[in-house]
Amino acid sequence: MTELQKKKILIANDDGVFSHGLRALANALADLGEVFIVAPEFEQSGVGHGITVRRPLRFKPTRLEGLDPRIKAFRVDGTPTDCVVMGVHRLGKPDLVVSGINYGPNLGYDLTHSGTFACAIEGTHIGIPSIAFSQSFSDNMDYTHSAAYARVLAAKVLELGLPHKTVLNVNFPSGQPNGVRTTVQGTHHYEDNVAERLDPEGKTYYWVGGVPTGDSEPDSDYTALDQGFISVTPLRLDFTHREFMATVQAFLPEL
Ligand code: MN
């Protein structure tokens, strides 16, 4: 067994433990080390970095059809972040946390909504190199190219690590990529769009959706994906705007 094969890898997601993208990612990483899946029992897209603090959680072994037999899978009846927390608690601190491959892209301002990205944030906060993987929507979500690239990138991060408080957000185009680009977080978001309907009892209900805005920045995650490239964005988890601190200090009202 080589040094690389001894590494422990935790895989989570927000689409739920039965999602195809999760299985494709896990299978692709199976020979990089000891691979564990800990994923939500139900889809949790859009829950961001939420954790469950007011009810108990269960951790259940789960059989996934088509999963490499070397991989153990578990599900948690909580959020994506709960899965990373529980995975580390039950299985020990891994050498790498990966999340995805999400059904749909995670770009720009929308990143803070993403449960996929939140798993990677949680791993980073715990001090583990972490990568979030997502893929553009298509009719037949084919993860062949994305899973293969995820494998080589994961191997590279296992070898080199990532800087403190730094996380990678990776988005794949559908189909064969034209190449790979390092990008900045763009301005893409979803213009809020609340549908208002009546339920069968005549009472009003609301459905929060959104219209994708795109962006026009040449070096953004959105543009790379739009042009058929894999987008890799390094992000910092320290939100502090250090250059602005003196200005804030100067305008703070006296107590
Ligand atoms: Mn999702």
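The values are calculated or read from the model by the stated rules, or taken from the named source; none is laboratory data. What you are looking at is a predicted structure, and each value in this text was computed from that prediction instead of being measured. No Cβ is skipped: glycine too gets one built from the backbone with ideal geometry, and neighbour counts run over all protein chains shown. Remember, those area values only see protein heavy atoms, side chains included, never the ligands or the DNA or RNA. Shrake-Rupley method; radii C 1.70, N 1.55, O 1.52, S 1.80 Å.
Key figures
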read-out: Residues within segment 172-213 that are touching a residue at least 24 places away in the same chain (Cβ under 8 Å), out of contact with any Phe, Trp or Tyr (no Cβ under 7 Å at 6 or more places or on another chain), open to solvent by 70 Å² or more (accessible area, probe 1.4 Å) and assigned to a loop (DSSP other than H, G, I, E, B), tallied; value: 2
read-out: Flag for residue 168 being surrounded by fewer than 19 Cβ atoms within 10 Å (Cβ to Cβ) and within 16 Å of the chain's Cα centre (by Cα); value: no
read-out: Failed criterion for residue 92 (all others in (1) under 21 Å from residue 31 (Cα atoms); (2) buried (at least 20 other Cβ atoms within 10 Å of the Cβ) hold); value: (2)
read-out: Residue in segment 17-27 that is of a type in the set (Phe, Trp, Tyr), open to solvent by less than 60 Å² (accessible area, probe 1.4 Å) and in contact (Cβ under 8 Å) with a residue 24 or more places away in the chain present; value: no
read-out: Scan of segment 76-85 for residues that are more than 16 Å from the ligand (Cβ to nearest atom) and in contact with a Leu (Cβ under 7 Å, 6 or more places away or on another chain), ordered by number; value: 77
read-out: Residue count, segment 233-255 (criterion: open to solvent by less than 100 Å² (accessible area, probe 1.4 Å) and either touching a Ser or Thr at 6+ places or on another chain (Cβ under 9 Å) or within 20 Å of residue 170 (Cα to Cα) (or both)); value: 5
read-out: Of all residues in segment 223-232 being outside any helix (DSSP H, G or I) and polar (S, T, N, Q), the one that is least open to solvent (accessible area, probe 1.4 Å); value: 231
read-out: Residues located in segment 86-99, provided they are out of contact with any Leu (no Cβ under 6 Å at 6 or more places or on another chain) and of a type in the set (Gly, Ala, Ser); value: 92, 99
read-out: Which numbered condition residue 73 misses (of (1) away from the ligand (no atom under 16 Å from the Cβ); (2) within 30 Å of residue 219 (Cβ to Cβ); (3) in contact with a Ser or Thr (Cβ under 6 Å, 6 or more places away or on another chain)); value: (2)
read-out: Subset of segment 14-61 [within 16 Å of the ligand (Cβ to nearest atom), on the phi < 0 side of the Ramachandran plot, part of a loop (DSSP other than H, G, I, E, B) and of a type outside the set (Val, Ile, Thr)]; value: 14, 15, 18, 19, 41, 42, 43, 44, 45, 49, 50
read-out: Matching residues in segment 102-160 - criterion: being more than 12 Å from the ligand (Cβ to nearest atom), closer than 18 Å to residue 175 by Cβ, among the hydrophobic types (A, V, I, L, M, F, W, C) and open to solvent by less than 20 Å² (accessible area, probe 1.4 Å); value: 107, 147, 150
read-out: So residue 167, is it farther than 22 Å from residue 45 by Cα and either in a helix (DSSP H, G or I) or in contact with a Ser or Thr (Cβ under 6 Å, 6 or more places away or on another chain) (or both); value: no
read-out: The one condition in (1) touching a residue at least 60 places away in the same chain (Cβ under 8 Å); (2) more than 17 Å from residue 166 (Cα to Cα); (3) crowded, with 19+ Cβ neighbours inside 10 Å; (4) among the β-branched types (Val, Ile, Thr) that residue 98 fails to fulfil; value: (2)
read-out: Segment 1-13, subset in a loop (DSSP other than H, G, I, E, B) and not aliphatic (A, V, I, L, M), residue nearest to the ligand (Cβ to nearest atom); value: 13
